[in-house]
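Data first, discussion second: the structure below is written as structure tokens.
The values are calculated or read from the model by the stated rules, or taken from the named source; none is laboratory data. Source: prediction; values computed, not measured. Every residue, glycine as well, gets a Cβ built from its backbone with ideal geometry; the counts of neighbours run over all protein chains shown. These accessible areas exclude ligands, DNA and RNA; they are computed on the full protein's heavy atoms, side chains included. Shrake-Rupley method; radii C 1.70, N 1.55, O 1.52, S 1.80 Å.
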Amino acid sequence: MAGRRAAIKAIDWAAFAERVPPNQRAMFNALKTRSDALSARLAALPEKPPAIDWAHYKAVVAKAGMVDEFQKKFSALKVPEPVDTQTAKIDAQEQEAAKSTAEYVQASKARVAQYEQQLQKLRSMIPFEQMTFEDLHEAFPETKLDMEKYPYWPHKPIADL
């Protein structure tokens, strides 16, 4: 049992609680309460199950050979330990998620740098209240209407609207 207890991973409930949205706090608290109750029950169990006193049962049970038969069957009984087949898959998913997260963070940093450049451009412009149409078209070329190429309103191709 000690080997099994050592194999159980400890849960960092404080870090887990930080990631729980406010609308799911009740479910999180129920999960933590249930987990704590199960952990307490597991800790209360003895290291090894108590040994069966076969001599006592041989003396008490009236039918001859019944206890010997049960003892033989009990000794032959081997409960297989479940094989862990999911940890490798979970580790692979975790590595993939870490890789995609790193890529996302790198792309986000690139977007932040681009947005900071745009913000710097906007901060260095003259205020909109003081702009003329020429200043506006110079700062934002997409606002300029091409009246020679598209002489009719809206002075842009219909597909661009």
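Leaving out ligands, DNA and RNA, and with a 1.4 Å probe, what % of the accessible surface on the stretch 9-161 is carbon or sulfur?
Result for the stretch 9-161: 60 percent of the exposed heavy-atom area is carbon or sulfur.
Labels on offer are (i) 100; (ii) 114; (iii) 302, and the one holding volume of the Cα convex hull per residue in Å³ computed from this structure is (iii). The helix-based estimate of mean residue ellipticity at 222 nm for the chain, built from -39,500 (n - 2.57) per DSSP H run of four or more residues and divided by its residue count, is -19000 deg cm²/dmol to the nearest 500.
Using the 1.4 Å probe convention, the accessible area of the chain works out to 90 Å² per residue with neighbouring protein chains retained. Springs between alpha-carbon atoms under 10 Å, Gaussian network over the chain: tell me which of Tyr115, Tyr57, Tyr150 tops the mean-square fluctuations. Result: Tyr150 has the largest fluctuation of those listed. Excluding ligands and nucleic acids, what accessible area in Å² is computed for Lys144 using a 1.4 Å probe, to the nearest 10? Looks like 130 Å² after rounding. Here's the picture: charge each Lys and Arg Cβ at +1 and each Asp and Glu Cβ at -1 in the stretch 28-140, and of Val105, His137, Phe74 the one pushed furthest to the positive end of that dipole is Phe74. Only the Cβ atoms of Lys and Arg (+1) and of Asp and Glu (-1) were treated as charged; on that basis the dipole of the stretch 10-100 about its Cα centre amounts to roughly 360 debye.
Placing +1 on each Lys and Arg Cβ and -1 on each Asp and Glu Cβ, with no other charges, gives the chain a dipole about its Cα centre of roughly 1440 debye.
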